[in-house]
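Asks: Got a structure for you, written out below as structure tokens; questions coming shortly.
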Amino acid sequence: MKKIILVAFCLSICIFYACDQKQSSQLKIISYNIKHGEGMDQILDLSRSAEIIKAQAPNLCGLQEIDDFCLRSDSVGQTDYLAQKTNMAGTFGKFMNLEGGEYGMATLVANPLVSTKLLQLPDGIYEPRSSIIHEVEVTKACTIIFVNVHFDWIESNEGESSRLNQAKALIQYLDTIDKAIIICGDFNCTPTSPTMQYFNERGFELMNKGEDNLSFQGPGKAELDHVIYRSNSKVKIKGKNIMLLHEPVVSDHRPLVANVELIY
């Protein structure tokens, strides 16, 4: 009888620890405003952006200022081109028609996709805006939401209000999804701005770049590109490290590379 009780006790301990064990996965994320492939040297060469992305081999990549078949960028389908060159799946999100094609943003994803949502955001001062929202399968046991944004670029108080309205519309949608969330992109505002403070109030954590934080390389260099995340009860996100690559020519923004850990 004592042996039976001892065996049952040992089994219960094993089951308890098995249920309590956590799994973890690592993700690499790139956020990059590529300025439709036009470099600081005024040369249009999309292959340079593709080479940077491919060399980093990210799981998830959010790209801003993408042309699809626009005359100014030689009528190339840039989303498909970049997807093929990096061996990833590409999704284009249209902002507006431009020069015989379409202008917007794109994501590249190496992991399987569960779903894709192109969310229309409030229009900017001069341009429409949308966001690409993917549910991504990290493992069979873990899916997360990956979001790519490019908010209004106007610097005035009117522009700040526009960005905040776009952030609020995005959060209104994301709050309907019970998933851990990673958002990357060109937010066109600094970490101390009302827009980024709003994300913080809604439970998002900003990955701190440290002293080398000026992602925009044009006139009036500024920290405009970010990676933020929000965990939920099932998946905890930990920011491991983040850095801006030293790429002074390929675009007027530097590529932002972040590594995160998912615990589930």
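The values are calculated or read from the model by the stated rules, or taken from the named source; none is laboratory data. These figures come from a predicted structure and were not determined experimentally. Quick reminder, even Gly has a Cβ in these numbers, built from the backbone with ideal geometry, and neighbours come from all protein chains shown.
Asks: Does any residue of segment 141-154 turn out to be among the aromatic types (F, W, Y) and either more than 25 Å from L206 (Cβ to Cβ) or in a helix (DSSP H, G or I) (or both)? Full working, then the answer.
Replies: Here is the first cut: in segment 141-154, the ones among the aromatic types (F, W, Y) are 146, 151, 153.
So of that shortlist, the ones also either more than 25 Å from L206 (Cβ to Cβ) or in a helix (DSSP H, G or I) (or both) come out as none.
Within segment 141-154, not a single residue is among the aromatic types (F, W, Y) and either more than 25 Å from L206 (Cβ to Cβ) or in a helix (DSSP H, G or I) (or both).
Asks: Filter segment 95-125 down to the residues that are assigned to a strand (DSSP E or B) and in contact with a Leu (Cβ under 8 Å, 6 or more places away or on another chain) and list them by number.
Replies: Of everything in segment 95-125, those that are assigned to a strand (DSSP E or B) and in contact with a Leu (Cβ under 8 Å, 6 or more places away or on another chain) turn out to be G101, M105, A106, T107, L108, V109, L119, L121.
Asks: While we're on this one: Are any residues in segment 113-142 within 30 Å of I263 (Cβ to Cβ), more than 16 Å from the chain's Cα centre (by Cα) and not aliphatic (A, V, I, L, M), and if so, which ones?
Replies: T139, K140, C142
Asks: Do we have Q42 as free of Cβ contacts under 8 Å to residues at least 12 places away in the same chain and loosely packed, with under 13 Cβ neighbours inside 10 Å here? Lay out the reasoning, then the answer.
Replies: Working: free of Cβ contacts under 8 Å to residues at least 12 places away in the same chain: yes; loosely packed, with under 13 Cβ neighbours inside 10 Å: yes.
When the stated conditions are applied, Q42 passes them.
Asks: Next question. Among the residues of segment 127-174, which ones are touching a residue at least 60 places away in the same chain (Cβ under 8 Å), within 21 Å of N97 (Cα to Cα) and touching an Asp or Glu at 6+ places or on another chain (Cβ under 9 Å)?
Replies: Within segment 127-174, V149, H150 qualify.
Asks: Of everything in segment 26-40, what is in a loop (DSSP other than H, G, I, E, B) and either within 10 Å of the chain's Cα centre (by Cα) or over 9 Å from H253 (Cβ atoms) (or both)? Give them in sequence order. Walk me through how you get there before you give the answer.
Replies: Restricting attention to segment 26-40, the residues satisfying the condition of being in a loop (DSSP other than H, G, I, E, B) are 34, 39-40.
Of everything in segment 26-40, those that are in a loop (DSSP other than H, G, I, E, B) and either within 10 Å of the chain's Cα centre (by Cα) or over 9 Å from H253 (Cβ atoms) (or both) turn out to be G39, M40.
Asks: Turning to a different aspect of this structure: Might you check whether a residue that is at pLDDT 95 or above, of a type in the set (D, E) and crowded, with 20+ Cβ neighbours inside 10 Å occurs anywhere in segment 149-163?
Replies: Yes, the conditions are met somewhere in segment 149-163.
Asks: For D152, only one of the following conditions fails: (1) under 15 Å from E65 (Cβ atoms); (2) under 14 Å from the mean Cα position of the chain (by Cα); (3) charged (D, E, K, R). What is its number?
Replies: Against the list (1) under 15 Å from E65 (Cβ atoms); (2) under 14 Å from the mean Cα position of the chain (by Cα); (3) charged (D, E, K, R), D152 comes up short only on (2).
Asks: Looking only at segment 71-90, decide whether some residue is of a type outside the set (A, V, I, L, M) and under 14 Å from the mean Cα position of the chain (by Cα). Lay out the reasoning, then the answer.
Replies: Initially, segment 71-90 is screened for residues of a type outside the set (A, V, I, L, M), giving 72-75, 77-81, 84-87, 90.
Add one more test, that the residue is under 14 Å from the mean Cα position of the chain (by Cα), and what stays is 90.
Scanning segment 71-90, I find at least one residue that is of a type outside the set (A, V, I, L, M) and under 14 Å from the mean Cα position of the chain (by Cα), so the answer is yes.
Asks: If I182 meets every condition in (1) surrounded by fewer than 21 Cβ atoms within 10 Å (Cβ to Cβ); (2) within 18 Å of K234 (Cα to Cα); (3) under 15 Å from the mean Cα position of the chain (by Cα) apart from one, which number is that one?
Replies: It is condition (1) that I182 fails.
Asks: Here is a further query. Against the definition (surrounded by fewer than 16 Cβ atoms within 10 Å (Cβ to Cβ), touching a residue at least 24 places away in the same chain (Cβ under 8 Å) and under 21 Å from I182 (Cβ atoms)), how does E223 come out, yes or no? Walk me through it before giving the result.
Replies: Working: surrounded by fewer than 16 Cβ atoms within 10 Å (Cβ to Cβ): no; touching a residue at least 24 places away in the same chain (Cβ under 8 Å): yes; under 21 Å from I182 (Cβ atoms): yes.
So E223 fails the test.
Asks: I'd like to know if segment 41-56 contains one or more residues that are within 16 Å of the chain's Cα centre (by Cα), modelled with pLDDT of 95 or more and not in a helix (DSSP H, G or I).
Replies: Step one: list which residues in segment 41-56 are within 16 Å of the chain's Cα centre (by Cα), which gives 53, 56.
In the following step, the residues that additionally are modelled with pLDDT of 95 or more were identified as 53, 56.
Okay, now just the ones that are also not in a helix (DSSP H, G or I), so none.
Scanning segment 41-56, I find no residue that is within 16 Å of the chain's Cα centre (by Cα), modelled with pLDDT of 95 or more and not in a helix (DSSP H, G or I), so the answer is no.
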